[in-house]
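Report on the structure given below.
The values are calculated or read from the model by the stated rules, or taken from the named source; none is laboratory data. All values derive from a computational prediction rather than experimental measurement. Quick reminder, even Gly has a Cβ in these numbers, built from the backbone with ideal geometry, and neighbours come from all protein chains shown.
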Amino acid sequence: MLLKFCGAAKEVTGSNYLLEAGGHRLLIDCGMHQGEREEANDDPFPYAAGSIDAVLLTHAHIDHSGRIPKLVKEGFRGKIYATLPTIELTEILWDDSVRLMREDAEWQSAKNARRGLPPAEPIYGQEEADAAKKLFAPVNYDSRLEILPGVSVRFRDAGHILGSAILEILIEEEGRIVRLVFSGDLGPMQTVMGRAPAEITDADYVVIESTYGNREHKDNRQTREEFQTLMKDIFAKKKGKVFIPTFVVDRAQRIMYELELLRGQGVGGGMPVFFDSPMGVKVSKLYESHLDLLSQEIQAYRRDGGNPFSSEDIRYVSTREESQAVNNLGFGVVMAGSGMCNGGRIVHHLKNGIWNPDNHVVFVGYQAHGTLGRRIVDRAKTVRIAGEVVNVNAQIHTIGGFSAHADRTDLLGWAERFRPTMPKFFVTHGEAEAAQSLAEALKTRGFEALVPELDQEVALVPREAGQKLSEAIADAKAAPLPEKIAETETPADPGGAAVAEEKGAPVAKVETAPSVSVAEKTLTKEQKKTAEKKARRANRRAVKALENISDQMREIYEKAGSGEIAAESQPLLDAVAVLLDSIIAQSGKDAARN
């Protein structure tokens, strides 16, 4: 078993991990680089795309999903596993990415032509994006799925954006078992938009993000007060424009909700708000359609008649002409992507307005090194935008509490849940200082922690969690089976053998296939056909019954995760679940043969 860090090593963007086990190759995320390493998006992958058997996608953001169409372009043909909301959001983001890359290539080609250079080519086009969409395989939260022989995964809610997931991967190779957890991007424990990240206790290894590994956020109340105070002050002056560089997924919906709360207080009623994003309406509608995955606060606001993501006071801007017309307005709020100002329509808005001291730029998200947004946040006096040097005279504001990432305290709190099994942590998805700071904090708490280098490989061997699970499965397999039931020429009782009821749980009925004695050889053809039909029906019923048992096991998993069942029982529960999956698979094969 081998894990290779192909991206997000000492940097925030470009998430990409290669897992090799049992002769299979699996990718976790395949994202674009943003900021200083953006040119690396054109670089070859450190593996053959056609050799990858499957991709697990933690969430839709481009720094996690953006290079999957490039992977398809170079030969990948496996499945891409993700939650349904992640699939829906990713398809929207890929289409927008294709559009932006095409426009950038056209601009660069015109520039190259003046220099006698060949035209620029986008990393991939719509054809590759559409081909990648066909490879998606939706998965549900909390259901364990075998994606490759010896490799199963369970997606847990990460609380970062709609559909985001923590991955619990179980690898079995030559009798050895390793439990590997990828945090993906973790949301804060106290969140306005989504749900708190799922708590997990068992792992041998954990790959944990560290975007804010050395920083703390203000709490939701403080953040809301800071934003409302700033906006009330700007609204009162009724002078100049407010540019809010916005991540179109999740952050835009949060800002719209906060503006809606202000309007409910009678503030900002005369201030037009423009959401300048061709895909903004689609994303907001997706959030509206998955309210059950959002926070109780958002759901309660909707039940009370509010519409947090589609206020009638917000004007969606779709066409380029409409976007350019917004520049002619002297007063208003303009939300536009990209959130780091390294592309999208916010670029031309800043070019046309950041020179004006009456205007404001309000940053509500992380700004990676090398991005235009980071240079502005770092108080650059001038910036180069679309080839022109522009003075930065607008008033610059940063509100960090809106982040959809867990801060240092939340990251360490989530990591502490693994104390029963003391896994080794690989700290990624953070700038070097933030990653190293989080790793040192983990070490002081007694955990092993490593900040991997780009392209570093590590061998995975069973530690405490995997060893317990391996032993539990070995013990379960070695347990004596009940004595064989005497053969009979008549089918088993139609009621079937009942699984013993425990603690009032629903009883699953398991019917056994009819057993036939040596006298079968003398049965007529008609009798044989009848017996075979009964056997097929009984096998199908057995498969369904075992699936019901598996579902009940998942409920036990949830109780174990919430602390209702002792943590020591987890390896045995996992062992039973693995055996059940094996029985279901074998029963299904038998039913197919019958």
- Query: Are there any pairs, at least 6 apart or on different chains, whose C-beta atoms fall under 6 Å, with the first in segment 171-200 and assigned by TED's automatic domain parsing to the domain that holds residue 408 and the second among the basic types (Lys, Arg), and if so, which?
  - Reply: 193/254; 198/156; 199/417
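Per-residue answers, yes or no, for (1) touching a strand residue (DSSP E or B) at 6+ places or on another chain (Cβ under 7 Å); (2) of a type outside the set (S, T, N, Q); (3) assigned by TED's automatic domain parsing to the domain that holds residue 198; (4) surrounded by 23 or more Cβ atoms within 10 Å (Cβ to Cβ):
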position	(1), (2), (3), (4)
224	no, yes, no, no
230	yes, yes, no, no
238	yes, yes, no, no
267	no, yes, no, no
271	yes, yes, no, no
275	yes, yes, no, yes
281	yes, yes, no, no
292	no, yes, no, no
297	no, yes, no, no
- Message: For the structure I just gave you, tell me whether residue 38 is assigned to a helix (DSSP H, G or I), of a type in the set (D, E, K, R) and either touching a Gly at 6+ places or on another chain (Cβ under 8 Å) or in contact (Cβ under 8 Å) with a residue 60 or more places away in the chain (or both).
- Response: yes
- Query: In the set 156, 115, which member is modelled with pLDDT of 95 or more and out of contact with any helix residue (DSSP H, G or I) (no Cβ under 6 Å at 6 or more places or on another chain)?
  - Reply: 156
- Can you name every residue in segment 232-246 that is aliphatic (A, V, I, L, M) and within 32 Å of the chain's Cα centre (by Cα)? 242, 244
- Message: When you scan segment 43-55, do you find a residue that is within 15 Å of residue 136 (Cβ to Cβ) and crowded, with 24+ Cβ neighbours inside 10 Å, even just one?
- Response: yes
- Note on the structure: Listed by first then second residue, the pairs whose first member lies in segment 450-464 and is in contact (Cβ under 8 Å) with a residue 12 or more places away in the chain, whose partner is polar (S, T, N, Q) and part of a loop (DSSP other than H, G, I, E, B), with beta carbons under 8 Å and at least 6 positions apart or on separate chains, are 463/421; 464/421
- Task: Being aliphatic (A, V, I, L, M) and over 23 Å from residue 341 (Cα atoms) is the filter; apply it to segment 379-422 and report the residue that is farthest from the chain's Cα centre (by Cα).
- Result: 422
- Scan segment 15-35 residue by residue and report those that are within 30 Å of residue 177 (Cβ to Cβ), among the small types (Gly, Ala, Ser) and touching a Gly at 6+ places or on another chain (Cβ under 6 Å). 15, 22, 31
